[in-house]
1. Just to be sure I understand the filter: pairs with C-beta atoms under 8 Å, separated by 6 or more residues or on different chains, first member in the range 104-126 and in a loop (DSSP other than H, G, I, E, B), second member loosely packed, with under 15 Cβ neighbours inside 10 Å. Which pairs pass?
2. Does residue 402 qualify as being in contact with a helix residue (DSSP H, G or I) (Cβ under 8 Å, 6 or more places away or on another chain), assigned to a helix (DSSP H, G or I) and closer than 29 Å to residue 273 by Cα?
3. Give the residue that is surrounded by the most Cβ atoms within 10 Å (Cβ to Cβ), with candidates limited to residues of the range 260-304 that are under 18 Å from residue 441 (Cβ atoms) and at pLDDT below 90.
4. Given the condition touching a helix residue (DSSP H, G or I) at 6+ places or on another chain (Cβ under 6 Å) and within 22 Å of residue 448 (Cα to Cα), answer yes or no: does some residue in the range 333-344 qualify?
5. Considering only the range 159-168, I want to know if a residue exists there that is under 16 Å from residue 5 (Cβ atoms), crowded, with 21+ Cβ neighbours inside 10 Å and touching a strand residue (DSSP E or B) at 6+ places or on another chain (Cβ under 6 Å).
6. Looking at (1) more than 27 Å from the chain's Cα centre (by Cα); (2) within 29 Å of residue 20 (Cβ to Cβ); (3) loosely packed, with under 11 Cβ neighbours inside 10 Å, which one does residue 142 not meet, given that it meets all the others?
7. Among the helices (runs of 4 or more DSSP H) contained in the range 274-356, which hold 1 or more residues that are touching a residue at least 60 places away in the same chain (Cβ under 8 Å)?
8. Could you please find all residues in the range 323-359 being surrounded by 12 or more Cβ atoms within 10 Å (Cβ to Cβ) and farther than 24 Å from residue 274 by Cβ?
């Protein structure tokens, strides 16, 4: 992947002087960019996350991770050691396969002069100076940008061809075909998005993301090992905080499966009480939880959403207690688990664990057998089963979008696992196609007895 993150020439030359061993190593420059302008932070500690996939991408070896025979041969640790010894001293945490935790940067010894240069660049002190690519120092030009985007497009599609599920492969191929021009038009909303970003809690990260998007605004997608989902190939607007993404995507329509994970669990884990609960349109799990805790929905929904997903994907009591800690409420876990829906979900989840352990694995909705063992934990198998069903529920919508590609109807321009964003070709046909998309999804939901609906919001 060509890293199209751009900086001022003054900044890059300053870094070269302060870190002479960087020379022109693309891998080291890529990794330095992650340290200096992080876009992926741990929600609890705000420390920079450096997964195996991220490090492999810096080295241009991401394809190895999708190949069974080569995946075990790739070591991110070796790269980190080389970088720390020869470029810049860093300390990183351990990673845990069992707990689904990747490495984090514990400390990065930038030094005063380098830190000041990073701050100057981030704050736009040199924004009117000559702009170059951080990775290679070449000047940013339209022709060069087009060339780099073409390289990344080909690499993303090559990776997508390795997706193990046909539907994921077809979805990824469709998403990667979206026109660059579609996202050029969206860039007119960038000034407003930046203003919103300055006021959010993790403003530094959001501004870093927006800068990345400015130079590489078309999202590309890739598959990952041990998941039916497709993920962003590099940083994109998919990773933005909702209020910022909403501002950037102003004028488009967002569709989401209502309470998707809860609805899926009620179906594949056979929880009749939760099915009944979800079929009542007046019920809302987020509203009920905020009422249980006596707090506002705005300040708690993201926390409760994390806890619900953690519960579904096998997290233990200690993890969920930690996830609830930002609420600052005594006995938060007890309050959470006392909710009738959550309590039933917790019980059925443990029953599902027992069944998967007994069967030594689980078959997903696409007929793939997911064996538990050294590389796939119980929690991972549980998550893979659910994620596959999530994609399956939108299969007819995906097929509709593919069949309408190139026609004067609509196109999906952003994919978010249990939802997506749509651009309608003609405003006068928007209502027709909105109802068509919702009806197509509902037909699938009803056919497989999943108690949910496809909601839509104009951004």
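1. Listed pairs, sorted by first residue: 109/89; 111/18.
2. When the stated conditions are applied, residue 402 does not pass them.
3. Filtering the range 260-304 for residues that are under 18 Å from residue 441 (Cβ atoms) and at pLDDT below 90, the one surrounded by the most Cβ atoms within 10 Å (Cβ to Cβ) comes out as 261.
4. yes
5. No, every residue in the range 159-168 fails to be under 16 Å from residue 5 (Cβ atoms), crowded, with 21+ Cβ neighbours inside 10 Å and touching a strand residue (DSSP E or B) at 6+ places or on another chain (Cβ under 6 Å).
6. It is condition (2) that residue 142 fails.
7. Correct list: 297-312, 317-324.
8. 325, 326, 329 - these are the residues of the range 323-359 that are surrounded by 12 or more Cβ atoms within 10 Å (Cβ to Cβ) and farther than 24 Å from residue 274 by Cβ.
The values are calculated or read from the model by the stated rules, or taken from the named source; none is laboratory data. The structure displayed is predicted, hence computed values, not measured ones. Cβ sites come from the backbone with ideal geometry, for glycine too, and all protein chains shown count toward neighbours.
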